[in-house]
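Working notes, beginning with the structure itself.
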Amino acid sequence: MTSGQKQSSDESRFEGSVSSAQPLTPTEDRQWSTMAHFGAVLGCIPSAIIFAVFRDRGPFTAQESKEAFNFTFPLTILAIVLNVLTIIPVIGWIFSILAVALWVFMTVSGAIAAIQANKGNPYRYKYNLRLMK
C-alpha cells in the first residue's frame with residue numbers, strides 16, 4: 001500500500017472484546033479465601049490484593065479476604081513499629097523478640113483460619129477490629 005492510498009474501513013478499525021471477569025467457581029472461591037488467610041505470613045498485603053481483585057467475583061472470597069485484612073492490618077502496622085524500635089540501643093532486642101512473637105502469632109492464626117476456609121467454613125478471628133466493613 002502506498003502512502004497515498006487509504007486503508008479500507010475493515011483494516012483501520014480496531015475491535016476489542018469486552019471482557020468481564022467470570023464469577024469464581026465454588027472451588028476457586030474456597031481457594032482464594034484460603035490464600036487470603038495464609039497470606040498472613042506476609043502481613044496485610046496479600047489479603048488486600050485478593051480482596052481488591054476477587055471481591056466482585058466470589059462472595060466467600062470477599063468475606064474471608066476482608067476478615068483476613070481486618071485481622072492482619074493492625075498487626076502489620078504494629079510489626080512495622082516494633083521492627084523500627086529494634087534500632088534503640090540496649091533495649092532494641094526486646095522489640096525484636098516481640099516482633100518475632102507477633103509474626104508467629106499472625107502466621108499461626110492465619111493458618112488456622114485458612115484450614116477452616118479451605119473446608120468452606122467461614123472463619124472469625126477471636127480478636128479482630130473489623131476496620132473494613
(request) Determine, for each peptide in 39-45, 29-35, the mean count of other beta carbons within 10 angstrom over its residues, then list the peptides with the highest first. (result) 29-35, 39-45
(request) Find how many whole Å separate the alpha carbon centroid of the stretch 64-133 from the alpha carbon centroid of the stretch 17-62. (result) 19
(request) Would you please report the Å³ per residue occupied by the convex hull of the alpha carbon atoms in the chain? (result) 183
(request) Pop a pseudo-label 7 angstrom from the Cα along the beta-carbon direction at both V108 and L131 and give the gap in nm to one decimal. (result) 2.4
(request) At 0.36 nm per residue, minus the direct Cα-Cα distance, what do I91 and N121 gain on full extension? Give it in nm, one decimal, please. (result) 6.5 nm
(request) Could you work out how far apart the two model spin labels at I45 and Q22 are, taking each label as a point 7 Å from the Cα in the direction of the beta carbon, and quote it in nm? (result) 3.0
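Laboratory data are not the source of any read-out in this text; all were calculated from the coordinates shown. Just so we're clear, the structure is a prediction, and the values are computed from it rather than from any experiment. Ideal geometry is used to build each Cβ from the backbone, glycine not excepted, and the neighbour counts take in all protein chains shown.
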